1. Which count do you get for residues in segment A:351-360 that are surrounded by fewer than 19 Cβ atoms within 10 Å (Cβ to Cβ) and touching a residue at least 40 places away in the same chain (Cβ under 8 Å)?
2. Which condition from (1) touching a residue at least 24 places away in the same chain (Cβ under 8 Å); (2) part of a helix (DSSP H, G or I) is the one that residue B:268 breaks?
3. Restricting segment B:1-39 to residues that are touching a Ser or Thr at 6+ places or on another chain (Cβ under 7 Å) and within 12 Å of chain A (Cβ to nearest Cβ), which is least open to solvent (accessible area, probe 1.4 Å)?
4. Which condition number in (1) modelled with pLDDT under 95; (2) in contact with a Phe, Trp or Tyr (Cβ under 8 Å, 6 or more places away or on another chain) is the one that residue B:269 fails?
5. Can you tell me which of (1) more than 12 Å from every other protein chain (Cβ to nearest Cβ); (2) in contact (Cβ under 8 Å) with a residue 12 or more places away in the chain; (3) open to solvent by 50 Å² or more (accessible area, probe 1.4 Å) is the one residue A:371 doesn't meet?
6. Filter segment A:68-102 for residues that are over 17 Å from residue A:48 (Cα atoms), within 13 Å of another protein chain (Cβ to nearest Cβ) and not aromatic (Phe, Trp, Tyr) and give the result.
7. Are there strands (runs of 3 or more DSSP E) fully within segment A:337-379 with at least 1 residues that are of a type in the set (Phe, Trp, Tyr)? List them.
8. May I ask you to list pairs of residues, at least six apart or on different chains, whose Cβ atoms are under 6 Å apart, with the first in segment B:174-194 being more than 22 Å from residue B:227 (Cβ to Cβ) and the second being among the charged types (D, E, K, R) and open to solvent by 20 Å² or more (accessible area, probe 1.4 Å)?
Number of protein chains: 2
Amino acid sequence: MGLKTIETPSLVLNRAALLRNTGRMTERFRQLGVAFRPHMKTAKSIDVARLALAGNFGGITVSTLKEAEYFAEHGINDITYAVSIVPQRLPRLARLIGRGVAVSVITDSVEIAREISNRAVELGIVLDVLIELDSGEKRAGLLPESEELLVLGRLLDELPGTRLKGVLTHAGNSYQGGSLDGIQAIAEHERWCAATAATRLRATGLACPVVSVGSTPTAVHGRDFTGITEVRAGVYMFGDVFQWEIGSHGLEDITVSVLATVTAHRPELNTALIDAGSLALSKDRSTGAPGLPEDVGFGLVMNETATHRIGRVRVGRVYQEHGMLEADGPFPFEQLPVGSRVRVLPNHVCMTAAMYEEYQVVDGAADEAMETWPRINGW
Amino acid sequence: MGLKTIETPSLVLNRAALLRNTGRMTERFRQLGVAFRPHMKTAKSIDVARLALAGNFGGITVSTLKEAEYFAEHGINDITYAVSIVPQRLPRLARLIGRGVAVSVITDSVEIAREISNRAVELGIVLDVLIELDSGEKRAGLLPESEELLVLGRLLDELPGTRLKGVLTHAGNSYQGGSLDGIQAIAEHERWCAATAATRLRATGLACPVVSVGSTPTAVHGRDFTGITEVRAGVYMFGDVFQWEIGSHGLEDITVSVLATVTAHRPELNTALIDAGSLALSKDRSTGAPGLPEDVGFGLVMNETATHRIGRVRVGRVYQEHGMLEADGPFPFEQLPVGSRVRVLPNHVCMTAAMYEEYQVVDGAADEAMETWPRINGW
């Protein structure tokens, strides 16, 4: 089954690049002596998880209960569900815990803590809870210096349905770090927040075994992990144009791309069309912000085997099932005849991968699809 | 099974609003005496198709082969596949045609016409082909005054594997029509292009039985359909914030919304979080362009039964599994306690619905989920 026989649009995964990415991250944290807990929110595939876990301790991070259930069914039994827990999800969590899966959840709320403790008691479980910290993203989380941190820590320790497992933060603001120095400063602040919160909790006599940080940019560029017990990251497995633009990896490390067919030429408009539009590529637009290499529109266009770029061609516009290719200067029609195929590197791979139910796996630039790996979506 | 027992995020469909929308469009074209062929690219559900087809002739439009196969399996046997045909898709099309489904395809290319004819002959079928016209969207299609139109028409008539079925255009530029007058001018140009192309083809002795136009704004606002044999539209079934902003329908006609739970308050940031982020809502951002009512960010926030807006609250930011609510002025925390639920009206329903595998169906504002309707995704 060759790449040429795969219908378009399809999501192609380069296994050789994936192995490089997962191997590099695993080796980095092995050398640093910090546990690494891969985040499966991007890949949502047990086949990818197995590679990401090779050489690590075996725990994963997930963003939905559906991921938790799917990975548990495939034998993973240490899972951090790193999105604010809400009481309605407890029955499904209780079923997982009842099957022997160690699941940790996160919260930043005294109110939620009380409710989940009540529900946990009703369900006959005790929930391991990490306190979510805001280390600069300004989304969810308590500030590490706050009084609320100690109140919530004490409460989670005392409530009958919860156990204080530790603290967790995600420096999502590192995506807008702007420069290597900027990202390193954010990484240091992420570390400082988590370590400070843990120190403060411990000073009151509470146990705080887990001190968890992570985002792909801070995991790649952080220099000091003192006081941290585990790091989480997910996008690094696949990489994407956004992560390339902020220096998380090279262009050749982008693992997942959309295989598309050139369906028409419009010489009078200096464009060509492909059969991958907003549903096949998703809709994150590259901004070409100051300091970033370039604006690639809705994706960067490579040749069929993804070994080199086609001029400076990008997906300039998307419609539901059409992508419109644009170029700097005259469009290279002769390089992209109607019926030929391209590989589009995604801007934001978490969103692009979510549009597909499977990966078509190739090895390196080999023009051969080796196998199909299923992935999950939804909640 | 009440709405309250449904987990979040979920895609809720208001059947009463859907019936109003489909009934109104059907009645409009019944009165105009023009055939109406609903486009199923938005709903991708046989249950929705049955309502859209009630009172119409029974043919549908689709945007993917997967839709064509799905709807054919459910008994629909007149299908226009309204995205540029590429030769690789012919084996699947041939299987459909072999099962007795009348499928029409579209092209604007002499090169593609020759290739699909060759493949069709190999497969033992004759393909019905509509010539795609560009009526101002500047995407795919030939210009109605072009010489290429007559060349392609003659070719499709003569090639052994194709039959000239007619012409088709989609005034996608009507989404940026800007005003009622602007949309009506675009509708008239869409009509003129299709009618002119048909007249020119017929003047050379070719049959051109189908003259097909359509987009939700031009279908709703067009005043004259002289020379047109059928109209296509799809988004009208569900409506969305973008269509509301350009006047295609009222806010109460938006049929599909995302049920989400308030997971946290951040009073110091004047925001609250919900458990519907970029995967649950999709990522089309309202622009609040000049002349449009307002910028609603990534979606407009209603109460749990979707009967009224919550102040002027919008989803201001999205992360993979978090939505951040923003308000004009102080955030109405007391109206949205942690654990309460909201319904988010989508900006662009085609993208939002694509993130789900099913609709949770309610009737009007009734706090009860009646049934679950599956939908398909992918290619």
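The values are calculated or read from the model by the stated rules, or taken from the named source; none is laboratory data. Since the model is a prediction, treat every value here as computed from it, not as a measurement. Every residue, glycine as well, gets a Cβ built from its backbone with ideal geometry; the counts of neighbours run over all protein chains shown. Accessible surface is based on the protein model in full, side chains and every heavy atom, while ligands, DNA and RNA are left aside. Shrake-Rupley method; radii C 1.70, N 1.55, O 1.52, S 1.80 Å.
1. Of the residues in segment A:351-360, the ones surrounded by fewer than 19 Cβ atoms within 10 Å (Cβ to Cβ) are A:357-358.
If we keep only those that are touching a residue at least 40 places away in the same chain (Cβ under 8 Å) too, we end up with A:358.
So the count comes out to 1.
2. So the condition that residue B:268 fails would be (1).
3. So the residue we want is B:8.
4. For residue B:269, the exception is condition (2).
5. Among (1) more than 12 Å from every other protein chain (Cβ to nearest Cβ); (2) in contact (Cβ under 8 Å) with a residue 12 or more places away in the chain; (3) open to solvent by 50 Å² or more (accessible area, probe 1.4 Å), residue A:371 violates only (2).
6. Our first condition is that a residue be over 17 Å from residue A:48 (Cα atoms); within segment A:68-102, this holds for A:80-102.
Next, only the ones that are within 13 Å of another protein chain (Cβ to nearest Cβ) stay: A:81-93.
Those that are over 17 Å from residue A:48 (Cα atoms), within 13 Å of another protein chain (Cβ to nearest Cβ) and not aromatic (Phe, Trp, Tyr): A:82, A:83, A:84, A:85, A:86, A:87, A:88, A:89, A:90, A:91, A:92, A:93.
7. Numbers: elements: A:341-345, A:358-362, A:369-374.
Answer list for segment A:337-379: A:358-362, A:369-374.
8. Note: no pairs meet the criteria.
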